[in-house]
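Read the structure below first, then the notes.
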Amino acid sequence: MDIDELYQEIILDHYKHPRNRGTLENADVKITGKNPFCGDEIILSLKLKDNIVTDVAFEGSGCAISQASASVMTEQIKGKTLSEARELFQEFSKMVKGEINYDPEKMDELAAFKGVCEYPTRVKCALLSWNALKNALEQKKE
Ligand code: ZN
């Protein structure tokens with residue numbers, strides 16, 4: 001299995017068996033993200049305590065990239081501080097936009113979405129849940 005196939009497998013696995021799917025009771029922030037270009041929708045709920053993402057869940061529908069990206073994201077940000085989550089957003093967004101100056105060591109399963117940069121219309125799908133996260137964290141800041 002080459003690396004592209006492995007990445008493909010990770011995306012399909014998360015699409016078929018999404019992690020942290022659902023909605024959180026008493027979420028601190030709940031936010032909806034939509035990507036009209038593809039018809040993707042994500043509803044993200046977060047629990048935050050002492051600047052840490054203590055729990056996260058998502059619901060939604062749409063293409064494999066958008067749903068798998070949300071699933072991988074929830075696994076990657078759970079337990080992270082808000083600034084770590086923001087940093088991961090920056091790195092992931094650089095990676096899927098094809099910028100080379102991101103930190104590959106931080107990526108883990110997120111690296112599966114690296115190939116998205118070759119399909120500009122898919123970048124919005126991959127970033128949907130991350131943009132929702134960014135908005136949620138900004139909402140929480142004030
Ligand atoms: Zn999509």
- [ ] Please give the contour-minus-distance gain from I3 to T81: 0.36 nm per residue of separation, less the Cα-Cα distance, rounded to one decimal in nm.
- [x] 25.1 nm
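Find, among the GluC sites (Glu not before Pro) in the stretch 60-99, those assigned to loop by DSSP (not H, G, I, E, B) with at most 11 other beta-carbon atoms within 10 angstrom. Let's see the in-between values first.
Details: sites: E75, E84, E87, E91, E99; in loops: E99.
Those that pass, being in a loop and sparsely packed, are E99.
Taking every DSSP beta bridge with both residues inside the chain, roughly what % is antiparallel (nearest 5)? It would help to have the intermediate numbers written out before the result.
Working: 17 of 18 bridges.
Bridges in the chain that DSSP calls antiparallel: roughly 95 percent.
Would the stretch 3-139 count as rounded, prolate or oblate if I go by the C-alpha gyration tensor, calling it rounded below 1.5 in a/c and otherwise prolate when a/b exceeds b/c, oblate otherwise?
Prolate, because a/c is 1.5 or more and a/b exceeds b/c.
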Open item on the list: Using the basic label-point model (7 angstrom from Cα toward the beta carbon), what is the N101 to I52 distance in nanometres?
Closed with: 3.3 nm
Open item on the list: Applying a 10 Å radius around every beta-carbon, put 35-47, 10-22 in order of their mean neighbour count, most first.
Closed with: 35-47, 10-22
Open item on the list: Checking the cross-link filter: which lysines have an alpha carbon closer than 16 Å to that of K34, excluding same-chain neighbours under 8 positions apart?
Closed with: K124, K134
Task: Computed helical MRE - 222 nm, the chain, DSSP H runs ≥ 4 contributing -39500 (n - 2.57), nearest 500 - done: -15000 deg cm²/dmol
Open item on the list: Can you tell me the orientation of helix 120-141 relative to the chain, as the angle in degrees between its alpha-carbon axis and the longest Cα principal axis, to the nearest 10?
Closed with: 20 degrees
TODO: Enter the angle in degrees (range 0 to 90, nearest 10) between the Cα long axis of helix 3-16 and the first principal axis of the Cα atoms of the chain, meaning the one along which they spread out most.
DONE: 40 degrees
Task: Top of M107, M95, M73 by mean-square fluctuation, Gaussian network on the chain, Cα under 10 Å - done: M107
- [ ] Could you list which residues have their amide H under 5 Å from that of K80, counting only those 5 or more apart in sequence or on another chain, with H placed in the peptide plane?
- [x] V53
Task: Only Lys, Arg (+1) and Asp, Glu (-1) charged, at Cβ; the chain dipole about Cα centre in debye - done: 540 debye
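Order 60-70, 124-134 from most to least packed using the mean count of other Cβ atoms within 10 Å.
Numbers: 60-70: 22.5, 124-134: 24.5.
Final packing ranking: 124-134, 60-70.
Coordinate-derived values only; no laboratory data. Values in this document were obtained by computation on a predicted structure and should not be read as measured data. We place every Cβ from the backbone using ideal geometry, glycine too, and count neighbours over all the protein chains shown.
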